[in-house]
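Here the structure is laid out as C-alpha cells; the discussion comes afterwards.
The values are calculated or read from the model by the stated rules, or taken from the named source; none is laboratory data. These numbers were taken from a predicted model, which means no experiment stands behind them. With ideal geometry, Cβ positions are generated from the backbone for all residues, glycine too; neighbour counts draw on all protein chains shown.
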Amino acid sequence: ERVDLDGEWLLPGFVDGHIHLREPGYVEKEGIESGTAAAVAGGVTTIVEMPNTVPPVLDVDRLRSKADRFDRDSHVDHAFFGAITEENVGTGDIRALADAGVTAFKTFMATSFGPLLMDDKGVLYRAFEEVADAGLPLYIHAEDEEYLDEFRARCADDGGMDAFFDSRPPIAETTAVSDVLDVVAETGTETVIAHVTTAEALARIRDARADGLPVHAEVTPYHLTFDRDDVASIGTHAIGTPPARDAENFERLWDHLESGDVQLLGSDHAPHQLEERDRPPLEVPPGMPQLETAVPAMLDAIDRGRLTVSQLVDLYAQRPARLHGLYPRKGAIRPGADADLVVVDPDREWTVDATRFESAADYSPFDGLRLTGMPTAVYQRGALVAEEMATLNEPGDGRRIS
Ligand code: NCD
Ligand code: ZN
Ligand code: ZN
C-alpha cells in the first residue's frame, strides 16, 4: 500500500514509559481495553504500565494474571513495571519479577494514588541494591512523606485549591530528590526520577549526571503545559501529583528541557472517575487521563517553537525504549521489518473534547484547549490501528514485549 503524506510528518510510534491503568482493582476508572485504546488513539504504540493496581504487582503471580488480561484485552503493545514496597524487599520477588520480564520497577516515597508507599529509608536503600542486582531501572516518585505529613496537617482546614498546592510544597520534592541522588551515588542503581516538577530538582539531577550518576529526569506534558495558576483556575479536574508549580518555575522547566537536562517524557496517564473529581481539593484522587493529549500537547509546543521534532522523538520514543530495554537490536531494523509509525498533521487545529476520549475518564485539564498538531494515522507493526484519534483495531491485538 502506498500512502501519500502530503505535508504530514512520518514519525516513530511513541513509547510511553509511565502510564497507569486501573485493572485489576478499579476497572470503573479505566480498564485495560479503554486505556490501551486511548494509547493508540493518541499515537502511542508502546506502553509500560505502572504496578499500582489493586492488588499491586509485587510478585510473579500478579504479573502473570495481569499479563493474561492484557493478552485478551490490550489494543497496544505493552510491557510492565514491578512494584516495590516493604513487603517484597528481601523476599526474592524483585529478582523473580525481573526474570519474568518486567522492564523496570516503581516505588513511591510518598503517598500518591494506590496502596504503595515506601517511606522507610533503610528499606528503600536495600530496594535500590536489589534493583541494581536485577539489572533494571528503578522509577521513583520522589516527594518526602514527612514534609507532606507536616504540610497536610497545616492546611487541613482550608478547603480551597491552595490547600492542595500547600500540602505538597516544592521542598518535599527537592529534599526527596537529593536523598535519592545520595542513594544512587552509593548503589549505582539506574534510576528515573518520575514526573519532576521543580527546576531545582532538575538542576540537581543535571549535576549528578555530570558526576557520572546513572540518573534520568522524566517530565510530563502536563507539567510542561500548565502552571500553578492554570491548575487553580481549571480547578479539581486538573489536580495531579506532584503539583504544577509557579510561573517562574514553569519557564525554568522549559529552559532545562531546551538545555538537554530532561531525558524522558512520560504522560503519567492516571485516570479517575469524573464524579471523584468534584470533591474538595484535598479529597480528589490525583491524576488525569493523558494518553490522548500527550502527543498533541507536544506537537503544539513544536508549533510554538518551544521544542523540536527530533527532541520529541528522542524524549518520547528513543530514550524510553532504550531505558526499558525495548530498543530494537542491531540488525533488527531492516527493510521488511514490522514498524510502529505515526503520521502527524503538524498544522491541524482542533479543540480537545474529553467526552470523546477513548479513555474511560471523561475529564481533562486540556478539555476545551485549542491545539495545533494531531496524530492522524497510527500504525502498529505495520497495521493501521487508529485514524483521526479514533481507535480501529481490536482488543487483544496488542502484544506483550519484554
Ligand atoms: C498517579 C496515579 O493516580 O496512579 N497519580 C498522579 O497524580 N500522578 C500516581 C503517581 O504517578 O504518583
Ligand atoms: Zn508518582
Ligand atoms: Zn505515575
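Listed values, structure above:
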read-out	value
Those helices (runs of 4 or more DSSP H) lying entirely in the stretch 183-258 with at least 3 residues among the acidic types (Asp, Glu) and more than 16 Å from ligand 1 (Cβ to nearest atom)	247-258
First in the stretch 361-389 and touching a residue at least 40 places away in the same chain (Cβ under 8 Å) and within 20 Å of residue 239 (Cα to Cα), second anywhere and among the hydroxyl-bearing types (Ser, Thr, Tyr) and surrounded by 18 or more Cβ atoms within 10 Å (Cβ to Cβ), Cβ under 7 Å, 6 or more apart	364/293; 365/222; 366/293
Residues of the stretch 144-167 satisfying the condition of being assigned to a helix (DSSP H, G or I), touching a helix residue (DSSP H, G or I) at 6+ places or on another chain (Cβ under 6 Å) and free of Cβ contacts under 8 Å to residues at least 60 places away in the same chain	147, 148, 151, 166
Residue satisfying all of: in the stretch 107-143; in a loop (DSSP other than H, G, I, E, B) and either modelled with pLDDT of 95 or more or of a type in the set (Lys, Arg) (or both); farthest from ligand 3 (Cβ to nearest atom) among these	135
Test: residue in the stretch 152-164 that is within 16 Å of ligand 2 (Cβ to nearest atom), under 16 Å from residue 181 (Cα atoms) and of a type in the set (A, V, I, L, M, F, W, C)	no
Among the residues listed as 352, 313, the single one being touching a residue at least 40 places away in the same chain (Cβ under 8 Å) and closer than 30 Å to residue 274 by Cβ	352
Top-ranked residue of the stretch 379-402 - restricted to ones that are among the charged types (D, E, K, R) and closer than 12 Å to residue 76 by Cβ, ranked as surrounded by the most Cβ atoms within 10 Å (Cβ to Cβ)	397
Residue within the stretch 96-104 that is within 27 Å of residue 401 (Cβ to Cβ), among the hydrophobic types (A, V, I, L, M, F, W, C), over 17 Å from the mean Cα position of the chain (by Cα) and crowded, with 24+ Cβ neighbours inside 10 Å present	yes
Scope the stretch 81-95; condition surrounded by fewer than 24 Cβ atoms within 10 Å (Cβ to Cβ) and within 16 Å of ligand 1 (Cβ to nearest atom); matching residues	85
Qualifying residue in the stretch 269-284 (condition: within 16 Å of ligand 3 (Cβ to nearest atom), of a type outside the set (Lys, Arg) and more than 14 Å from the chain's Cα centre (by Cα))	yes
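Yes/no matrix, rows are residues, columns are (1) crowded, with 17+ Cβ neighbours inside 10 Å; (2) within 15 Å of ligand 2 (Cβ to nearest atom); (3) without any contact (Cβ under 8 Å) to a residue 12 or more places away in the chain:
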residue: 227; (1), (2), (3): yes, no, no
residue: 238; (1), (2), (3): yes, no, no
residue: 278; (1), (2), (3): no, no, no
residue: 283; (1), (2), (3): no, no, yes
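Quick grid of which residues meet (1) over 24 Å from residue 147 (Cα atoms); (2) within 16 Å of ligand 2 (Cβ to nearest atom):
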{"site": "68", "(1), (2)": "yes, no"}
{"site": "91", "(1), (2)": "yes, no"}
{"site": "112", "(1), (2)": "no, yes"}
{"site": "121", "(1), (2)": "no, no"}
